[in-house]
Amino acid sequence: MALEQFSDVVQRCEALPNDSYTSDDHNVFTIAGRTCIEEGNSPQVLSIVLDEKNQNIVRSMGWNLLPPLIQVLLKKEDKNLPQCLSIFNHLLETCRPKELLIGLLEQLEHDDPDRVAESLHLLLNPLQKVLLCLGSRKASSLGMTLSSVLDQLAKLPIPVTKEQEEDDVFSLCRCCTDLIQFVRPFVQEARLNQCSGNQLEKSHKTASGQDEGAEDELQTELLKFCMKTLSQPLLDVQIRDPDTLPLSPLRTFASEILDILGAVGESLPSLLFHPLLKRKEVPGFLEEEVRYPKNSLACLAHLVFVHHLAADTFPSVFSPLFCLRSNMEHISILLSRPEDSRLQKGLELYEKSMVRVEDGSLPADLLEIKTFLTVPQDLVKVMTICPKHDLRTKGLKVFQLSIDKFHTEAKYRFFQYMLRTSNHSGVEGYVIKNIKNQIDAALQPGNSNIWFEGAHLLPLLRKVFSLPDGPEMDLLQNLDRVMESLNLLRYLVIRDKVTENQTGIWTELYKIEDTFMKPLRVGLNMSRAHYERELQGTMENKKKKTKDKSVLSVSVGGDELPKMTSESQIQALHSALHTFDMIESVLVRIEELTEVKDGLEPAGELHPLKT
């Protein structure tokens, strides 16, 4: 039935002039032709399609047969596969390119990753042939095609392990390789246009400017493709170095993208140093933020500075400080994202940018630049709330590296800023530990500096030796800060002689006692009494309910502890009391040291503070 309808509509349209077919003719041709292919009558359809006298009809309506043909080609198991392939190839040679392009792009869209990969592998080469037939009018169609292809590519899972990339378990590597093959002739054309444009004077390029506009549009579409590819999938892909994976399709894909950027006239230094360099006005329809997306530039910086891709085209005249200043913008973009892949890239880029800088060389005025303050805050989030242990560890390593690179004054101001803004006991404790190290270095013979001894040091010490919430401060929650503050205070009273008073600790001690030691003592007593009361109550409840295995609920500091057995509750409360004992032991030792030194040195002989 369908075959008869298909034959009839073709015979009826033979006598009609070109493009005078009615909508009914189109509908019958489409429905009947597709049904024939689905029912296995592909040999008869092939015969009709190849008939010389039917070529006008095929040219006008043949593209409607693409859906069932492509389904057969994707399955690869149909007995009529050779005939369907012949029909498909004939349509590519005969039908109008714009209609073929629409038909092929419609068949490209799938949700299942396996279908996505197979469709891309099958259709990229036909799409390339169709686009090449469009001549100088292909730029916008190429852009539409590349956008559709990348949308499909984004549906494929990203290989996480080296083995997954080697085995290409998600077919992403094959699709990326196919995509580079697809775009290659268009890149070559853009490269030739770029070369000819550099050789000819502007007045000799074109008479009307029309061809020049077409060339610019092709370069623009390829630039958009590179930028989109950098943000997806390359921003999520883990690029492996040659030592880890000698043959890496994804690393090759990234290198090809960087090569395309050069082919369309984009300078890598200009792109990477985009935040610091004033770019020339670029004619065209793309706004700056659209033309050069920040996520894409951040990925580009990671590829160049961490993996050294395109290193042979990148000049080495830029100082480490200049590269660091520029990369801070990219690092900020990466570390502000929650995805593990972005955080990993941000940490790696920060580390590589810092390693090249000499220790103790970064001046304090850098802290007036916004990113030199926001990036450490992002690092704090990585170190404290990131669920992956290796990223937290890496974050701490990079945080210390950044401290080491600062000049003495910059360290001082950085510590002030972090104590004021971090709002995390562990981070504050780590900063205080660094302050102790800097004071110790300043007290060594020949290492004196004005920032970590004398009058300048006192404002920093006042920030350290304080309890933000007074005696009501949660000592368990703020244990790291409290213990590092006590360790620093103990170090100062042992290391700095009363008569020398290099750090100013002995003239400040009475204030420290009032604002830190006495409130801490009160807080310790309050906390210990509360926890002892809770421990006694829990143990009494346990005795009353020895036969009851149900869990208990205990409230400490107004917050209910997680549900646990009475034995676990008792263990947690004992642990808290042990912590209070540890704090008190250090506090008592400091009190003893200050009393002894106060008794040994005569009053009025304190060394004047350095200013």
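Can you pull the Kirkwood radius for the stretch 11-57, inverse mean 1/r over Cα pairs, to one decimal in Å?
Values: mean 1/r = 0.0879 Å⁻¹.
Final number for the Kirkwood radius of the stretch 11-57 is 11.4 Å.
Restricting things to Cα coordinates, could you compute the convex hull volume per residue of the chain in Å³? Mind dumping the intermediate values first?
Working: hull volume 146.5 nm³, N = 611.
Roughly 240 Å³ of hull volume per residue.
With all protein chains present, how much of the accessible area of the stretch 6-105 (probe radius 1.4 Å) comes from carbon and sulfur, to the nearest whole percent?
Working: 2390 of 4810 Å².
Here it works out to 50 percent.
Distance from the Cα centre of the stretch 46-70 to that of the stretch 480-545, in angstrom?
Taking the Cα centre of each part, the stretch 46-70 and the stretch 480-545 sit 88 Å apart.
With a sphere of radius 14 Å drawn around the Cβ of THR515, what net charge do the other residues whose Cβ falls strictly inside it have (Lys, Arg +1; Asp, Glu -1)?
Local net charge: +1.
So what is the calculated 222 nm ellipticity per residue for the chain, using -39500 (n - 2.57) for each DSSP H run with n of 4 or more, over all residues, to the nearest 500 deg cm²/dmol?
-21500 deg cm²/dmol
Send over a whole-number figure in Å² for the accessible area per residue of the chain, probe 1.4 Å.
49 Å²
Output the 0 to 90 degree angle, nearest 10, between the alpha-carbon long axis of helix 294-305 and the longest principal axis computed from the alpha carbons of the chain.
80 degrees
Taking only Cα atoms, what is the 0 to 90° angle, nearest 10, from helix 320-335's long axis to the longest principal axis of the chain?
80 degrees
Which entries in the list LYS294/LYS381; LYS129/LYS228; LYS394/LYS436; LYS370/LYS518; LYS345/LYS405 go over 32 Å, if you measure between the two C-alpha atoms of each? Let's see the in-between values first.
Working: LYS294/LYS381 21 Å; LYS129/LYS228 23 Å; LYS394/LYS436 23 Å; LYS370/LYS518 38 Å; LYS345/LYS405 20 Å.
In this structure, LYS370/LYS518 lie more than 32 Å apart at Cα.
On a 0 to 90 degree scale, rounded to 10, what angle separates helix 566-600 from the longest Cα axis of the chain?
50 degrees
Give the carbon-plus-sulfur fraction of the accessible surface of the stretch 449-552 in %, rounded to a whole number; probe 1.4 Å, heavy atoms of protein chains only.
The computed percentage sits at 52.
Scan around LEU362 for amide H atoms under 5 Å from its own, H built in the peptide plane at 1.01 Å from N, and keep only partners 5 or more places away or cross-chain.
Correct list: PHE406, HIS407.
When only C-alpha pairs under 8 Å and at least 6 residues apart count, what is the relative contact order of the chain, in percent? Write down the numbers at each step before the final one.
Details: 663 pairs, mean separation 44.2, N = 611.
The normalised contact order for the chain reaches 7 percent.
Leaving out ligands, DNA and RNA, and with a 1.4 Å probe, what % of the accessible surface on the stretch 127-173 is carbon or sulfur? Each step should come with its number before you reach the end.
Details: 1030 of 1990 Å².
For the stretch 127-173, the apolar C and S fraction of the accessible surface comes to 52 percent.
The values are calculated or read from the model by the stated rules, or taken from the named source; none is laboratory data. Computed from a predicted structure; not experimentally measured. We place every Cβ from the backbone using ideal geometry, glycine too, and count neighbours over all the protein chains shown. Note: accessible area is taken over every heavy atom of the protein model, side chains too, but ligands, DNA and RNA are not part of it. Shrake-Rupley method; radii C 1.70, N 1.55, O 1.52, S 1.80 Å.
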